[in-house]
1. Is it the case, given these coordinates, that residue 52 is in contact with a strand residue (DSSP E or B) (Cβ under 7 Å, 6 or more places away or on another chain) and farther than 19 Å from residue 453 by Cβ?
2. If you go through region 416-430 one residue at a time, do you hit one that is crowded, with 20+ Cβ neighbours inside 10 Å, within 12 Å of residue 323 (Cβ to Cβ), modelled with pLDDT of 95 or more and touching a strand residue (DSSP E or B) at 6+ places or on another chain (Cβ under 6 Å)?
3. Residues to consider are 55, 59, 71, 131; find the one that is assigned to a loop (DSSP other than H, G, I, E, B) and surrounded by 24 or more Cβ atoms within 10 Å (Cβ to Cβ).
4. Can you pull out the residues in region 4-46 that are part of a strand (DSSP E or B) and more than 30 Å from residue 323 (Cβ to Cβ)?
5. So which residues in region 159-199 are touching a helix residue (DSSP H, G or I) at 6+ places or on another chain (Cβ under 8 Å), assigned to a strand (DSSP E or B) and under 22 Å from residue 105 (Cβ atoms), if there are any at all?
6. From the list 349, 317, which residue is more than 17 Å from the chain's Cα centre (by Cα), assigned to a loop (DSSP other than H, G, I, E, B) and assigned by TED's automatic domain parsing to the domain that holds residue 415?
7. Would you check which residues across region 182-200 are surrounded by fewer than 18 Cβ atoms within 10 Å (Cβ to Cβ) and either in the same structural domain as residue 60 (by TED's automatic domain parsing) or within 27 Å of residue 61 (Cα to Cα) (or both) and list them?
């Protein structure tokens, strides 16, 4: 990478409105930290943007000086692409404004916002858009890779609810992308990751949700895992779209509604959220209680924002994390048996296997309607391995890769790019599936020199 002269750095600082941090600045180490502690990179400069104009200035600096660029929104991505070594880190985390128009049910969202920021603003009006399940996740990265969560069965993927985006492209232009403006760019942004530019504003469609929803957990003993997961698979095939149920196999955290003897034991958890009338929801979920003899449950009506934050304590920053993921059209006996086998030998107390039941509205768009093409995915499995010491890296990663390989024959192909780790570049083309060829042409049009390559990269050459 080209090294900037001190005069070039000074000139940039003078015309940049935000903060510019160098390795010897006191705040540098704090700002460069991201969620996954396995990623420890040191950019040559951090540009903390306070406006879209700042983003343009940073992009121009990088392009004109051939700097490696990374873009940080929430900094939560598993691959750690928010931060680069030696290059320019364009930090958007200070851009956190959300504006809600309750009449049109629309929200405009800046790229530094987390899911908590978005949910807090929209829920004041009893509105929401489908996003993820960990409130510290960044809206920007989640959206550009597809995005799904508790509302997706009813209202689709996050990208299905994106109405427009303001984008800074590699040549420093500010464009608006929508169905009617720069429609090809808009098509690519909805699932193509950060390949085509830096989004400085998202506009989302909102839907009536909450502010209270029926939600909670049912926790079963692990010796009932095969039966519980099989019933979960069959039940979710016909469940109403207002009801989302996810299966999690992990060692039980010290939840107050569980007997102390269960804490630390491997369990099977059904996590659920129903966005319709709670009375009707209670009737619908009653069969779940018959899946086995539960250790305990905690289900009730609570604010949607609270449910969105329920899993935050299990996903705090600072731990080492590694993921492997598959899509499934259905959960076969082979897939279930493999999940049970590996759930029985989790490599660390914080590790888990979760299977998200999506389907419903997420499957309605045609595969090539936008860059996100995995419209046959009724279930998404994520093997989330989490541990504290670098000494355990090899053992934990090997376990995840073994499980991934053994469960692959039962998967449907494709992949969710937000779950791809930094060592899975061989899966990128298959993850994009039938849209990859068109994405490649868009990359050549909007970023022919691959300035934006710290992502699940579509190489223009």
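The values are calculated or read from the model by the stated rules, or taken from the named source; none is laboratory data. Since this is a predicted model, take the numbers as computed values, not measurements. Cβ placement follows ideal geometry from the backbone for every residue including glycine, while neighbour counts extend to all protein chains displayed.
1. Values: in contact with a strand residue (DSSP E or B) (Cβ under 7 Å, 6 or more places away or on another chain): yes; farther than 19 Å from residue 453 by Cβ: yes.
Here the answer is yes, as residue 52 does meet what is asked.
2. No, that holds for no residue.
3. Testing whether each residue is assigned to a loop (DSSP other than H, G, I, E, B) and surrounded by 24 or more Cβ atoms within 10 Å (Cβ to Cβ) leaves just 131.
4. 19, 20 - these are the residues of region 4-46 that are part of a strand (DSSP E or B) and more than 30 Å from residue 323 (Cβ to Cβ).
5. If the condition is that a residue be touching a helix residue (DSSP H, G or I) at 6+ places or on another chain (Cβ under 8 Å), assigned to a strand (DSSP E or B) and under 22 Å from residue 105 (Cβ atoms), then 162, 164, 165, 166, 177, 178, 199 are the ones that fit.
6. 349
7. First pass over region 182-200, keeping only residues surrounded by fewer than 18 Cβ atoms within 10 Å (Cβ to Cβ): 183-184.
Scanning region 182-200 gives a single hit, 184.
Results for (1) assigned to a helix (DSSP H, G or I); (2) in contact with a strand residue (DSSP E or B) (Cβ under 7 Å, 6 or more places away or on another chain); (3) in contact (Cβ under 8 Å) with a residue 40 or more places away in the chain, shown as yes or no for each residue.
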| site | (1), (2), (3) |
| --- | --- |
| 395 | yes, no, yes |
| 400 | yes, yes, yes |
| 407 | yes, yes, yes |
| 414 | no, yes, yes |
| 451 | no, yes, yes |
